[in-house]
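The values are calculated or read from the model by the stated rules, or taken from the named source; none is laboratory data. The model shown is predicted, which means the values in this text are computed figures rather than measured ones. A quick note on method: Cβ atoms are made from the backbone with ideal geometry, for glycine too, and the neighbour counts reach across all protein chains shown. For the accessible areas, the whole protein counts, side chains as well, though only heavy atoms, and no ligand, DNA or RNA atoms are used. Shrake-Rupley method; radii C 1.70, N 1.55, O 1.52, S 1.80 Å.
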Amino acid sequence: MTARNRTVLPRELRPRVRPTLIRLGYVPLSDAAPLIVAQEWGCFARHGLEVRLSRELGWATIRDKLIHGELDGAHALNTLPVALAHGLGAVKTDVVAGMFLNLHGNAITLSNELWRCGVRDQVTLRSFLAANRNRRTLTLGTVALNSTHSYLLKSWFQRAGANFESDVRLVVVPPAQLGANLAAGHLDGFCAGEPWNTQAVAAGHAWVAATSADLVPYHPEKVLLVRGDFDSARREEHLHLIAALTEACAVCDQPENHDAIARLLAGSRYLNLPAELIRRGFSGRFEAGQGRTLGSELLVFHRDDANAPTADKLGWIARHLLDGLTPKPFTPAQLGQVFRLDLFTAGQALISNSATTPHEQEACLLTA
């Protein structure tokens, strides 16, 4: 961004501390767009923040780098704050989540081989499973065992009569590697965020059976997760980080910005895929393969109160993603100690009234 295009916050809204580098990790997915937009289109800079984005292979890398302090914060799965805070399958680590970055945004993608075998939906899948019981086990890829993705796969397949002890097994694969593993025949399907469903369909290997927007509309998905020592030592920067990312989420929700955002995400530093493929996931009509389209709006970044860590979102996570992890299920009140609505509310007071204009956004893209 050139100096003449940079919008500066009024002095009273700027952090009163000297900017120090903030290290934020992300996994290459379309729902990482708020972090990338905030970096490239000046939201971080307008809040006096110096941010370095770090592209990571998958969620295990994000988890481990947060544990060891190699990252201050990250774009993260909605279950990771609880897993780290309570030491569930990970080293117990003090963390807090001050906002959600998006709602829904995942899809269940199946191989063309299953299509050739007659699978079209849950009814035909039930027939396929019955005909192949005790002869074949389907292998499905998920990005993490305790995740929305695993929940969606289990729910969809169980409604078709699948037994996860014998008919189906889940394996963890980083999002960007799911399509290649499906193409190689190692997977029969997967659940992932965009653009990896679209990429698999465009490569001619797969078709999309359902999206999370159809299955569980407006479920909470990714969060901004930071280490507890970052929040305690650098609270003011954390609040400005929440404000800057809320602004970026609003920008990402505007249809007139989607072409430019797709071009931005397509860069080799970020998703490294054709912009046209990335753009499809932002469309209200989702190309699902086999000549089909789905009418669901896949990604919601800001509208419908998407960003606030409210009790209803925490309740959904507690009921559907965390039940069974401990002898006593988590309650929304317990989750509220990690998902901090008070931090989100404080961050909203710092939001700039002068977000980047489309002209300034294009200038940022040309000078990035």
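Which pairs turn up if I take residues in region 302-316 that are closer than 15 Å to Gln337 by Cα and look for partners that are in a loop (DSSP other than H, G, I, E, B) and among the small types (Gly, Ala, Ser) with beta carbon separation below 7 Å, at least 6 apart in sequence or on another chain?
Correct list of pairs: Leu314/Gly336.
Within region 185-231, work out how many residues are open to solvent by 10 Å² or more (accessible area, probe 1.4 Å), closer than 13 Å to Leu110 by Cβ and among the β-branched types (Val, Ile, Thr).
Number satisfying all stated conditions: 1.
Would you mention how many residues in region 296-327 are open to solvent by 60 Å² or more (accessible area, probe 1.4 Å) and part of a loop (DSSP other than H, G, I, E, B)?
9
If you scan region 217-240, which residues turn out to be touching a Leu at 6+ places or on another chain (Cβ under 7 Å) and either among the hydroxyl-bearing types (Ser, Thr, Tyr) or in a loop (DSSP other than H, G, I, E, B) (or both)?
Listed by number, the residues that qualify are Tyr218, His219, Glu221, Lys222.
Here are some conditions: (1) within 14 Å of the chain's Cα centre (by Cα); (2) open to solvent by 10 Å² or more (accessible area, probe 1.4 Å). Ala90 meets all but one. Which one does it not meet?
With respect to (1) within 14 Å of the chain's Cα centre (by Cα); (2) open to solvent by 10 Å² or more (accessible area, probe 1.4 Å), Ala90 is out only on (1).
Would you say Pro175 is out of contact with any Pro (no Cβ under 6 Å at 6 or more places or on another chain), within 25 Å of Gly69 (Cα to Cα) and open to solvent by less than 40 Å² (accessible area, probe 1.4 Å)?
Taking the combined requirement at face value, the residue satisfies it.
Hey, any hits in region 287-309 for a residue that's under 18 Å from the mean Cα position of the chain (by Cα), among the charged types (D, E, K, R) and under 24 Å from Thr109 (Cβ atoms)?
The answer is yes, given that some residue of region 287-309 is under 18 Å from the mean Cα position of the chain (by Cα), among the charged types (D, E, K, R) and under 24 Å from Thr109 (Cβ atoms).
Report every pair of residues separated by at least 6 positions or lying on different chains whose Cβ atoms are under 7 Å apart, first residue within region 320-344 and within 21 Å of Gly73 (Cα to Cα) and modelled with pLDDT of 85 or more, second surrounded by fewer than 16 Cβ atoms within 10 Å (Cβ to Cβ) and among the aromatic types (Phe, Trp, Tyr).
That search, which allows pairs on different chains as well, returns nothing.
Quick test of your reading of the structure: Gly69 fulfils all but one of (1) crowded, with 24+ Cβ neighbours inside 10 Å; (2) closer than 30 Å to Leu350 by Cβ. Name the failing condition by number.
The one condition Gly69 does not meet is (1).
What are the pairs with Cβ atoms under 7 angstrom where one residue, in region 36-64, is outside any strand (DSSP E or B) and the other, located anywhere, is open to solvent by less than 30 Å² (accessible area, probe 1.4 Å) and among the charged types (D, E, K, R)? Sequence gap at least six, or different chains.
Cys43/Glu247; Leu49/Glu237; Ile62/Glu56
For region 243-288: of the residues being surrounded by 24 or more Cβ atoms within 10 Å (Cβ to Cβ) and not in a helix (DSSP H, G or I), which is modelled with the highest pLDDT?
Looking at the filtered set, the residue picked out is Leu271.
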